[in-house]
Amino acid sequence: MASNDLSRFKHYDLMLSTFVVILLISNLVGQKICAFGELRVSGAQLLFPLTYIYGDIFTEVYGYRASRRAIWLGFFASGLLSALGVAITALPAAPEWHNQQAFATVFSVVPRLVVASLAAYWCGEFTNSFVMAKMKLLTEGRHLWSRTVGSTIAGQLVDTIVVMTLAFGFSINAATVVKLIVDGYLFKVAYEVLATPLTYLVVNALKRSEGVDVFDRGTRFNPFLVEV
C-alpha cells in the first residue's frame, strides 16, 4: 500500500490529526507535576504514552508505512513548535503586558531537552512500530495483546533510555539517571498495558469500518524512507 493510498480511508486523517495534537500538547503541559496520593507524574507522562497507543493502532490497522508517515509528521510538528515557541518568547513584550514570565515558562525550551525529546520520540516510536509490524507477521495476526505489549516494552525502553541519558547524562549522578529511567519506564509500560482493552476496541472498530487489515509483507522498514 503506497502512502497516497491512505486518502481512501475514512478515519486515517482524523487519527493522524489527533495523534499530532496530543503529541504537541504533551510538550506544552510537561512542566506541570500532578499529584495522585504519593505518586508524582508530569503532564507529559500522562499524555505522551497515548502516542504509542496511536502508533500501535496505525501499524496494526494501516501498516508500518502509515505509521512511519505519522511519526515523521509528529517529529516535524514538535520541532516546529519548539522553534516557534523560542522565537515568539524572544520577541520584546509590550510594557503593559505583564505575563512574559508565565508565557516563557510554557513556551521557552532548553535546547538540550528539545534534542533529547525529539531523539527519544523518533527512536522509540520507530522501534515500537517495527516490533509491532514484525510481531504481527510472526503471530499471523493473532494475539493482538502480545503485539501491543511487546512493542511497548521495546519502544518505551528505547525512548526512556534515550531521553533520560541525553537530558540528564553528565549533569547528575548516574544512579539518579538510572532511577529516572527505571521509574519512568515502568510507569509508561504499566500505563499502556492497562490501556490494552481500549486499544483492542479502537483497532477492531477501525478494521471493520475501513475494511482493511494490513500485513507488512515485503515492506521496506527503512525509517528514513519518507513518503508524503
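FYI, it's all coordinate maths here, none of it is from the lab. Since this is a predicted model, take the numbers as computed values, not measurements. Glycine also receives a Cβ, built like all others from the backbone with ideal geometry; neighbour counts cover every protein chain displayed.
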Out of segment 52-157, which chymotrypsin sites (Phe, Trp or Tyr not before Pro) are coil in DSSP terms and have no more than 10 other C-beta atoms within 10 Å? 97
Report the Cα centroid-to-centroid distance between segment 1-49 and segment 156-220 in angstrom, as an integer. 12 Å
When the chain is treated as a Gaussian network with springs between alpha carbons less than 10 Å apart, the largest mean-square fluctuation among 116, 175, 195 is found at 175
DSSP H segments from the chain that extend 15 Å or more along their own axis, Cα-based, with Kyte-Doolittle mean of 1.0 or above: 12-28, 144-168, 174-194
When only alpha-carbon atoms count, how far does segment 13-76 stretch along each of its three principal axes, as whole angstroms with the largest first? 41, 22, 16
Modelling each spin label as a point 7 Å along the Cα-to-Cβ direction, I'd like the residue 103/residue 115 distance in nm, to one decimal. 2.8 nm
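Counting other Cβ atoms within 10 Å, which GluC sites (Glu not before Pro) in segment 129-228 have at most 13 and lie in a DSSP loop?
140, 227
Please give the net charge around residue 116, taking every other residue with its beta carbon less than 15 angstrom from that of residue 116, where Lys and Arg add +1 and Asp and Glu add -1.
Here the count lands on -1.
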Taking the inverse of the average 1/r across all pairs of different Cα atoms in segment 2-146, what Kirkwood radius in Å do you get? 17.1 Å
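Suppose only helical runs count, i.e. DSSP H with n ≥ 4. What mean residue ellipticity at 222 nm does that imply for the chain under -39500 (n - 2.57) per run, divided by all residues and rounded to the nearest 500 deg cm²/dmol?
On the way: 8 runs with 156 residues, N = 228.
One gets -23500 deg cm²/dmol as the mean residue ellipticity at 222 nm.
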